[in-house]
Amino acid sequence: MAEQMGSKPRSVAAIVGLVLGILAIVMSWMPIINNFAFVIGGIGLVFAIVGLVGVLRGKKVGKGLAIAALVVNVLSIAIVLGTQSMYSAALDDAANGPDVVASEAPSAEGAEGESAAGDAPETDNLAVGTPVTFEDGVTITVDSVSSGLTNYDGSTVIGIHVTYTNNGEGEYDYNSYSWKGRDAQGAATDPVYYSEASDDLSYGTLAPGGTVAGSVYFEGDSVSALYYPTIIADAPAATWAIA
């Protein structure tokens, strides 16, 4: 006599898949932990597929459970991919700081920065005197260059005078170590001590509407000044030709 549907066992694979899927979807929103959610969701998806195949072949019951497990696990994997992309973008923004939105002196009409075609502003090898404005409203300018300076130990030093203007709504942290000097071979080095300096930039916090200026000094063979919005930025936001 044919086996009745009521005597068929419920699909354990579907149940396991559903439990793993629920666990994965709960974890999928959590930074770092969602790496484990991706693995759990993948394993749960395998169980869900196995359970659904068993049900479709008539060996098990629990089609609704198997479909639910399949959907939940696929959804958890999709959430992991989406949230990781979102967190990655947020971390990248935090590491590299705000983007440059303008890098040209104001025109006769008072317009700044980007061309009429909407092209991205130039940020590399800018001329001394070119202001760079960031999306947070801060404008930084390399005002002038003092070359051929002699340090206490006889070494040659080159200095740049920079100005920060905060037209944004929040405070802005500035630091002389946001700058590097790059030589003709492409090597970038931190600022150096100059014994005759009287207006070092140093560091501090600039309030909205405020302006601060000072000098930063590099090794004498530096040909470019590089500005990094954060100390962990992987590339300079803007560079100025200083030699």
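Go through the range 157-178 residue by residue and tally those that are modelled with pLDDT under 95, over 20 Å from the mean Cα position of the chain (by Cα) and of a type in the set (S, T, Y).
Residues flagged as modelled with pLDDT under 95, over 20 Å from the mean Cα position of the chain (by Cα) and of a type in the set (S, T, Y) within the range 157-178 amount to 1.
Across the range 198-219, what is the total count of residues that are assigned to a loop (DSSP other than H, G, I, E, B) and open to solvent by less than 30 Å² (accessible area, probe 1.4 Å)? Break it down stepwise before answering.
The first filter runs over the range 198-219 and keeps only residues assigned to a loop (DSSP other than H, G, I, E, B), leaving 198-199, 201-202, 207-210.
Checking the rest, the ones that are also open to solvent by less than 30 Å² (accessible area, probe 1.4 Å) come to 201, 210.
Looking only at that region, the number is 2.
Suppose we keep only residues that are farther than 19 Å from T165 by Cα and open to solvent by 80 Å² or more (accessible area, probe 1.4 Å) within the range 93-113. Which one would you say is modelled with the lowest pLDDT?
Pass one, the range 93-113, residues farther than 19 Å from T165 by Cα: 93-96, 108-109.
Now drop any that are not open to solvent by 80 Å² or more (accessible area, probe 1.4 Å), which leaves 93, 108-109.
Numbers: D93: 62, A108: 38, E109: 41.
This residue is A108.
Select from the range 161-185 the residues that are in contact (Cβ under 8 Å) with a residue 40 or more places away in the chain and under 11 Å from D136 (Cβ atoms) and write down the one among them that is surrounded by the fewest Cβ atoms within 10 Å (Cβ to Cβ).
First pass over the range 161-185, keeping only residues in contact (Cβ under 8 Å) with a residue 40 or more places away in the chain: 161-168, 175-183.
Still in the running and under 11 Å from D136 (Cβ atoms): 166-168.
Working: N166: 21, N167: 15, G168: 18.
Only one residue fits best here, namely N167.
Quick check, is Y152 modelled with pLDDT under 95, surrounded by fewer than 16 Cβ atoms within 10 Å (Cβ to Cβ) and among the aromatic types (F, W, Y)? Steps first, answer last, please.
On the way: modelled with pLDDT under 95: yes; surrounded by fewer than 16 Cβ atoms within 10 Å (Cβ to Cβ): yes; among the aromatic types (F, W, Y): yes.
Yes.
Among the residues of the range 17-42, which ones are of a type outside the set (A, V, I, L, M, F, W, C) and either in contact with a strand residue (DSSP E or B) (Cβ under 6 Å, 6 or more places away or on another chain) or modelled with pLDDT of 90 or more (or both)?
Let us first name the residues in the range 17-42 that are of a type outside the set (A, V, I, L, M, F, W, C), namely 17, 21, 28, 31, 34-35, 41-42.
G17, G21, G41, G42, listed by residue number.
If the requirement is being surrounded by fewer than 18 Cβ atoms within 10 Å (Cβ to Cβ) and at pLDDT 95 or above, which of these qualifies: D119, D136, D143?
Sole residue among the options that is surrounded by fewer than 18 Cβ atoms within 10 Å (Cβ to Cβ) and at pLDDT 95 or above: D143.
Taking the stated definitions as given, is P229 out of contact with any strand residue (DSSP E or B) (no Cβ under 6 Å at 6 or more places or on another chain), crowded, with 20+ Cβ neighbours inside 10 Å and not in a strand (DSSP E or B)? First the steps, then the outcome.
Working: out of contact with any strand residue (DSSP E or B) (no Cβ under 6 Å at 6 or more places or on another chain): yes; crowded, with 20+ Cβ neighbours inside 10 Å: yes; not in a strand (DSSP E or B): yes.
When the stated conditions are applied, P229 passes them.
Here's a check for you: in the range 44-80, which residue that is of a type in the set (G, A, S) and loosely packed, with under 15 Cβ neighbours inside 10 Å is farthest from R10 (Cα to Cα)? Walk me through how you get there before you give the answer.
Step one: of the range 44-80, the residues of a type in the set (G, A, S) are 44, 48, 51, 54, 58, 62, 64, 66, 68-69, 76, 78.
Now drop any that are not loosely packed, with under 15 Cβ neighbours inside 10 Å, which leaves 58, 64, 78.
Details: G58: 11, G64: 11, A78: 28 Å.
So, considering only residues that are of a type in the set (G, A, S) and loosely packed, with under 15 Cβ neighbours inside 10 Å, the one farthest from R10 (Cα to Cα) is A78.
The values are calculated or read from the model by the stated rules, or taken from the named source; none is laboratory data. On a predicted model such as this, the values are computed, not experimentally measured, just so you know. Cβ coordinates were reconstructed from backbone atoms using ideal geometry, including for glycine residues, and neighbour counts include every protein chain displayed. The accessibility values were calculated without ligands, DNA or RNA, using every heavy atom of the protein model including side chains. Shrake-Rupley method; radii C 1.70, N 1.55, O 1.52, S 1.80 Å.
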